[in-house]
Amino acid sequence: MPEKTGRVIFLNGTSSSGKTTIAKKLQKHAQEPYLHLSLDAFLNQLPSSYLEDHEFLDREFSHLLVGFNSSSAAIARAGNNVIIDTVLQELSWVTPCVMTFVGLDVVFVGVRCSLEVLESREKARGDRREGTARYQHDRVHAHGVYDIEVDTSVMPLGECVSRILNYVQSQMRPSAFRKLQAASGGRA
């Protein structure tokens, strides 16, 4: 077992909200190295035929999500700093996720963005199914608890990154995951 666990910055927001862009900029400006663990990159390890098979994804997504969360927590427990970039689009995904990280200090960051800007970004990207951002917009933050929030539709990237790093480097101990863990009554 390592002497210390890694730091965890957990970015949660809708598709096209800017999580990946923030994660890459955080890596560049953090005082220590961080691994960027993205749900998209994790899923892209599947053969493309499975990624295009919506029946397969609907049937197997919960197992894939457990695998992503468990492997991300294991990487942090091994002493590595991680930035997790994901979408907790269903309220039922929150408890199993936060329970996976019991014992780790997780800075839970809400990455918000207006629906109008999300839909514009989604269309410009061309690599997302149209309507994904709209579907996720009101769902992804439904749990209502974060350590810090940023809004990429009104804040420049540098300000978002600066606010997150200031929180991480402060003496404040993150509490959002612990609150969500306590609210679950220990159920995964």
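No value in this document is a laboratory result; all are computed from the given coordinates. Computed from a predicted structure; not experimentally measured. FYI the Cβ positions are ideal-geometry reconstructions off the backbone, even for glycines, and counts take in every protein chain you see.
Worth pointing out:
- Debye-formula intensities of segment 108-188, expressed as log10 I(q)/I(0) at q = 0.14, 0.17, 0.23 Å⁻¹, are -0.62, -0.83, -1.10 (one equal scatterer per alpha-carbon, no solvent).
- Applying the criteria of a DSSP loop state and at most 11 other Cβ atoms within 10 Å to the GluC sites (Glu not before Pro) of segment 123-164 yields Glu130.
- Positive dipole terminus of the chain, leading residue within Leu165, Phe42, Tyr135 (C-beta point charges): Leu165
- FRET efficiency for the pair Leu57 and Ser170, taken as 1/(1 + (r/R0)^6) with r the Cβ-Cβ distance and R0 = 41 Å, rounds to 0.55.
- Charging the Cβ of each Asp and Glu at -1 and of each Lys and Arg at +1, and nothing else, the dipole of the chain about its Cα centre rounds to 560 debye.
- Gained length - Ser92 relative to Thr21, 0.36 nm times residue gap less alpha-carbon distance: 22.9 nm
- Highest-MSF residue in the chain out of Leu35, Leu43, Leu51 [GNM, Cα springs under 10 Å]: Leu51
- Taking the three principal axes of the alpha carbon atoms in segment 8-183, the coordinate ranges are 45, 33, 31 Å, sorted in descending order.
- Most mobile of His63, His36, His137 in a GNM of the chain (Cα contacts under 10 Å): His63
- Net lengthening on full extension, Glu116/Lys28 (0.36 nm per residue, minus Cα-Cα): 28.8 nm
- Counted by neighbouring Cβ atoms within 10 Å, the residues Thr152, Thr14, Thr20 run from fewest to most as Thr20, Thr152, Thr14.
- Checking every one of the GluC sites (Glu not before Pro) in segment 1-79 against DSSP loop status and a limit of 11 other Cβ atoms within 10 Å picks out Glu3, Glu52.
- Exposed loop positions in the chain were taken to be trypsin sites (Lys or Arg not before Pro) whose DSSP state is not H, G, I, E or B and which have at most 10 other beta-carbon atoms within 10 angstrom. Between these positions, the longest stretch is 5-128.
- Furthest towards positive pole of dipole, Ser17, Leu104, His63, structure part segment 8-183, Cβ charges: Leu104
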